[in-house]
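A.B. asks: Questions regarding the structure given below will be posed in turn.
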There are 2 protein chains.
Amino acid sequence: MKTYLDCIPCFFKQALFAARVVLDDEEKIKQVLDRIGMLVSEIPLHSSPPETGREIYRTVREVTGVDDPFAGLKAESIEKVLSLYPSLKEMVEISEEPLETAVKLAVAGNIIDFGANPDFQLEQDIQESLRKEPAINHYEAFKNKLEGASEILYLADNAGETVFDRILIEVMAKPVIYAVRDRPVINDATVKDAIESGLDKVAKVVSSGCDAPGVILKRCSEEFLDHFKSADLIISKGQGNYETLSSEQRPIFYLLKTKCSIVARDLGVNQGDTVIKYALRGN
Amino acid sequence: MKTYLDCIPCFFKQALFAARVVLDDEEKIKQVLDRIGMLVSEIPLHSSPPETGREIYRTVREVTGVDDPFAGLKAESIEKVLSLYPSLKEMVEISEEPLETAVKLAVAGNIIDFGANPDFQLEQDIQESLRKEPAINHYEAFKNKLEGASEILYLADNAGETVFDRILIEVMAKPVIYAVRDRPVINDATVKDAIESGLDKVAKVVSSGCDAPGVILKRCSEEFLDHFKSADLIISKGQGNYETLSSEQRPIFYLLKTKCSIVARDLGVNQGDTVIKYALRGN
């Protein structure tokens, strides 16, 4: 997905939120925005938003001097969802179609996002996401594809959401490569966050090699690209991964909750809708 | 009111909206945002938002080459509210307290704003504003002050809202100086817009001498400043005028609908609330 002009005000909003997580000196925070102001003319509209997001959050790190502004919020999210794990797991197990419930839960868990939507209410939003039907629902295709899949690549998004991913991986009961960001960016999961969420018990956790809030293939490691090319099923979580991969012709299932109007429009759905979309099929 | 850091993403949003009113070439529109990006580091947080708004809309004019991007929308708003004039006038006349109804209508009409809140639904929002009580309500003080007032200065805000102002001025039945922006900025009323709304029939229409979306005293004409200093009652419409005048110790009544969370917070009310606030009194 390309960068829309509407993404530009949002970059400032996100930078401001991130800077405020670690600073309370208004003048110092403004320096972050000043620096991002200088970046605007260098944003190519043909690139995906996470390409710019990468620069934005690098600027936040440089000006604040804090390498992982969201470390505390990430730890809290993981702890919170781990505490819900037994009840979520039970919800899946007693449901008529455990795989479908686990997929829907994994989509619902995508609400944890301190970039596009920091005002989420975890438990309330999850219940709401579970109640409504996905606006694009390729679950049947997912179920069929999964049956024959032997090499599954799972592209993680946010810390905490990782625990929902773990539940889905447990239900899938297949070997999974779980790929995370190479270094902290927003509240996206890194190897450390994945391990703290227990993903290492159910999958092989790897770094994508990329430090953007998405999967920018040209910035990924050779090891990751090998997985990306050979996987016969790819599960891509969240907006950032969709934004960077939406034009790829690979067997990708995008599992996400649309948290901004721009991604929603790109997908042809409404903001707030949930989506289970197969890349190799139409809507 | 000072500029809050949250105003900065909003400046980009407003510039984008304004540029899109007259352009549909994305690359050209991006040039507006590029230029505003360069301005960020020059925004002093101690100045009021309309100081920067002035620069933002000047940039929009320069890059688009259109002196009054909102001319069409302004004419539409005026025409629309003029068509409602007979029914609004009747609503006031048959009400138990015509002055109070006219004040509330004047506040409700402040919803017409293509800067802070371009997604308004005129008739629906007006009905809603009339239904709810103002979060700050110094109407009794206004009524008392008006009784003894002989020199009234009325600071206009948006084109179209002007027609609501006219109804209030008709009910007040006192000599009024009606001050508007010196040149087009957002959809704020100019002398032309005031005359098209019929204000010249009920007040003396003057320019403030200032081309910002607010009243920046140091940029106002001597003639306007004389009125500002000598008036025994000043009615200030909208957020921009509040933002520029909120620390002035003059007999000002701020009549507005809060359309952004920042102004709402500054006033100690909720976004969407209506306000009738007397500057020389507490909340």
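A.B. asks: Residue by residue through segment B:40-63, note down the ones that are within 10 Å of another protein chain (Cβ to nearest Cβ), assigned to a helix (DSSP H, G or I) and surrounded by fewer than 20 Cβ atoms within 10 Å (Cβ to Cβ).
C.D. replies: So the first thing to find is which residues in segment B:40-63 are within 10 Å of another protein chain (Cβ to nearest Cβ), and the list is B:40-45.
Filter again for assigned to a helix (DSSP H, G or I), leaving B:40-42.
Residues satisfying the conditions are B:Ser41, B:Glu42.
A.B. asks: In segment B:14-36, which residue that is without any contact (Cβ under 8 Å) to a residue 12 or more places away in the chain and outside any loop (DSSP other than H, G, I, E, B) is nearest to the other protein chains (Cβ to nearest Cβ)? Spell out how you get there, then give the answer.
C.D. replies: Narrowing segment B:14-36 to residues without any contact (Cβ under 8 Å) to a residue 12 or more places away in the chain: B:20, B:24-27, B:30, B:34.
If we keep only those that are outside any loop (DSSP other than H, G, I, E, B) too, we end up with B:20, B:26-27, B:30, B:34.
On the way: B:Arg20: 8, B:Glu26: 6, B:Glu27: 7, B:Lys30: 6, B:Asp34: 4 Å.
Filtering segment B:14-36 for residues that are without any contact (Cβ under 8 Å) to a residue 12 or more places away in the chain and outside any loop (DSSP other than H, G, I, E, B), the one nearest to the other protein chains (Cβ to nearest Cβ) comes out as B:Asp34.
A.B. asks: Could you check B:Ala173 against (1) on the phi > 0 side of the Ramachandran plot; (2) surrounded by fewer than 19 Cβ atoms within 10 Å (Cβ to Cβ); (3) touching a strand residue (DSSP E or B) at 6+ places or on another chain (Cβ under 8 Å); (4) small (Gly, Ala, Ser) and say which number it fails?
C.D. replies: Only one criterion in (1) on the phi > 0 side of the Ramachandran plot; (2) surrounded by fewer than 19 Cβ atoms within 10 Å (Cβ to Cβ); (3) touching a strand residue (DSSP E or B) at 6+ places or on another chain (Cβ under 8 Å); (4) small (Gly, Ala, Ser) is unmet by B:Ala173, namely (3).
A.B. asks: Considering each of B:Arg166, B:Arg131 in turn, give the residue that is modelled with pLDDT of 95 or more and either basic (Lys, Arg) or out of contact with any Ser or Thr (no Cβ under 7 Å at 6 or more places or on another chain) (or both).
C.D. replies: Selected residue: B:Arg166, the only one of B:Arg166, B:Arg131 that is modelled with pLDDT of 95 or more and either basic (Lys, Arg) or out of contact with any Ser or Thr (no Cβ under 7 Å at 6 or more places or on another chain) (or both).
A.B. asks: Take residues that are over 15 Å from B:Leu99 (Cβ atoms) and tell me which of the helices (runs of 4 or more DSSP H) falling wholly in segment B:110-175 contain 3 or more.
C.D. replies: B:122-131, B:161-172
A.B. asks: Name every residue in segment A:105-128 that is over 12 Å from A:Gly238 (Cα atoms) and at pLDDT 90 or above, in order of residue number.
C.D. replies: A:Leu105
A.B. asks: Could I ask something else about it? Taking the stated definitions as given, is B:Phe11 more than 9 Å from chain A (Cβ to nearest Cβ) and under 13 Å from A:Ile8 (Cβ atoms)? It would help to see each step written out before you state the result.
C.D. replies: Numbers: more than 9 Å from chain A (Cβ to nearest Cβ): no; under 13 Å from A:Ile8 (Cβ atoms): yes.
Against the criterion (more than 9 Å from chain A (Cβ to nearest Cβ) and under 13 Å from A:Ile8 (Cβ atoms)), B:Phe11 does not qualify.
A.B. asks: In contact with a Gly (Cβ under 6 Å, 6 or more places away or on another chain) and either within 22 Å of A:Ala159 (Cα to Cα) or modelled with pLDDT under 95 (or both), is that true of A:Ile78?
C.D. replies: Values: in contact with a Gly (Cβ under 6 Å, 6 or more places away or on another chain): yes; either within 22 Å of A:Ala159 (Cα to Cα) or modelled with pLDDT under 95 (or both): yes.
Yes; evaluated as a whole, the condition is true for this residue.
A.B. asks: Taking segment A:216-235, which residues are touching a Lys or Arg at 6+ places or on another chain (Cβ under 9 Å) and either surrounded by 18 or more Cβ atoms within 10 Å (Cβ to Cβ) or free of Cβ contacts under 8 Å to residues at least 24 places away in the same chain (or both)?
C.D. replies: First, the residues of segment A:216-235 that are touching a Lys or Arg at 6+ places or on another chain (Cβ under 9 Å): A:216, A:219, A:228-229, A:231-234.
Selection gives A:Ile216, A:Arg219, A:Phe228, A:Lys229, A:Ala231, A:Leu233, A:Ile234.
A.B. asks: Can I ask one more? Consider B:Val66 carefully, then state whether it is more than 20 Å from the chain's Cα centre (by Cα) and more than 12 Å from chain A (Cβ to nearest Cβ). Lay out the reasoning, then the answer.
C.D. replies: Numbers: more than 20 Å from the chain's Cα centre (by Cα): yes; more than 12 Å from chain A (Cβ to nearest Cβ): yes.
Here the answer is yes, as B:Val66 does meet what is asked.
A.B. asks: Kindly evaluate B:Lys80 against the criterion of being under 20 Å from the mean Cα position of the chain (by Cα) and surrounded by fewer than 23 Cβ atoms within 10 Å (Cβ to Cβ). Before the answer, list the steps.
C.D. replies: On the way: under 20 Å from the mean Cα position of the chain (by Cα): yes; surrounded by fewer than 23 Cβ atoms within 10 Å (Cβ to Cβ): yes.
Taking the combined requirement at face value, the residue satisfies it.
A.B. asks: Does B:Ile186 qualify as being β-branched (Val, Ile, Thr) and over 11 Å from the mean Cα position of the chain (by Cα)?
C.D. replies: Details: β-branched (Val, Ile, Thr): yes; over 11 Å from the mean Cα position of the chain (by Cα): no.
It is false that B:Ile186 is β-branched (Val, Ile, Thr) and over 11 Å from the mean Cα position of the chain (by Cα).
A.B. asks: Filter segment B:179-207 for residues that are of a type in the set (Lys, Arg) and in a helix (DSSP H, G or I); which is farthest from B:Glu62 (Cα to Cα)?
C.D. replies: For segment B:179-207, the residue satisfying everything is B:Lys201.
Condition check ((1) of a type in the set (A, V, I, L, M); (2) in contact with a strand residue (DSSP E or B) (Cβ under 9 Å, 6 or more places away or on another chain)) across all residues:
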| residue | (1), (2) |
| --- | --- |
| B:Ala18 | yes, no |
| B:Leu23 | yes, no |
| B:Glu26 | no, no |
| B:Val32 | yes, no |
| B:Pro69 | no, no |
| B:Leu82 | yes, no |
| B:Glu97 | no, no |
| B:Gly115 | no, yes |
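A.B. asks: Taking the stated definitions as given, is B:Leu245 touching a residue at least 24 places away in the same chain (Cβ under 8 Å), more than 18 Å from B:Ala135 (Cα to Cα), crowded, with 17+ Cβ neighbours inside 10 Å and in contact with an Asp or Glu (Cβ under 8 Å, 6 or more places away or on another chain)? Step through it out loud before you land on a result.
C.D. replies: Numbers: touching a residue at least 24 places away in the same chain (Cβ under 8 Å): yes; more than 18 Å from B:Ala135 (Cα to Cα): yes; crowded, with 17+ Cβ neighbours inside 10 Å: yes; in contact with an Asp or Glu (Cβ under 8 Å, 6 or more places away or on another chain): no.
It is false that B:Leu245 is touching a residue at least 24 places away in the same chain (Cβ under 8 Å), more than 18 Å from B:Ala135 (Cα to Cα), crowded, with 17+ Cβ neighbours inside 10 Å and in contact with an Asp or Glu (Cβ under 8 Å, 6 or more places away or on another chain).
A.B. asks: Residues of segment B:211-242 being of a type in the set (Ser, Thr, Tyr) and not in a helix (DSSP H, G or I), which ones?
C.D. replies: Initial filter on segment B:211-242 (of a type in the set (Ser, Thr, Tyr)): B:221, B:230, B:236, B:242.
Answer for segment B:211-242, where residues must be of a type in the set (Ser, Thr, Tyr) and not in a helix (DSSP H, G or I): B:Ser221, B:Ser236.
A.B. asks: Additional query: Which residue pairs have Cβ atoms closer than 7 Å, lie 6 or more positions apart in sequence or on different chains, and pair a first residue in segment B:76-98 that is within 12 Å of B:Val163 (Cβ to Cβ) and of a type in the set (D, E, K, R) with a second residue that is at pLDDT below 95 and in a helix (DSSP H, G or I)?
C.D. replies: Qualifying pairs under 7 Å: B:Lys80/B:Leu122.
A.B. asks: Which is under 20 Å from A:Val21 (Cα atoms) and either assigned by TED's automatic domain parsing to the domain that holds A:Asp193 or under 16 Å from the mean Cα position of the chain (by Cα) (or both), of A:Pro118, A:Pro86, A:Pro134? Spell out the reasoning first.
C.D. replies: Working: A:Pro86 fails: under 20 Å from A:Val21 (Cα atoms); A:Pro134 fails: under 20 Å from A:Val21 (Cα atoms).
So the residue among A:Pro118, A:Pro86, A:Pro134 that is under 20 Å from A:Val21 (Cα atoms) and either assigned by TED's automatic domain parsing to the domain that holds A:Asp193 or under 16 Å from the mean Cα position of the chain (by Cα) (or both) is A:Pro118.
A.B. asks: Oh, and also: Which condition from (1) surrounded by 24 or more Cβ atoms within 10 Å (Cβ to Cβ); (2) part of a helix (DSSP H, G or I); (3) touching a helix residue (DSSP H, G or I) at 6+ places or on another chain (Cβ under 6 Å) is the one that A:Val107 breaks?
C.D. replies: Here A:Val107 meets the rest and fails (3).
The values are calculated or read from the model by the stated rules, or taken from the named source; none is laboratory data. All of these numbers come straight from a predicted model, not from anything done at the bench. So basically every Cβ, Gly included, is an ideal-geometry build from the backbone, and we count neighbours across all protein chains shown.
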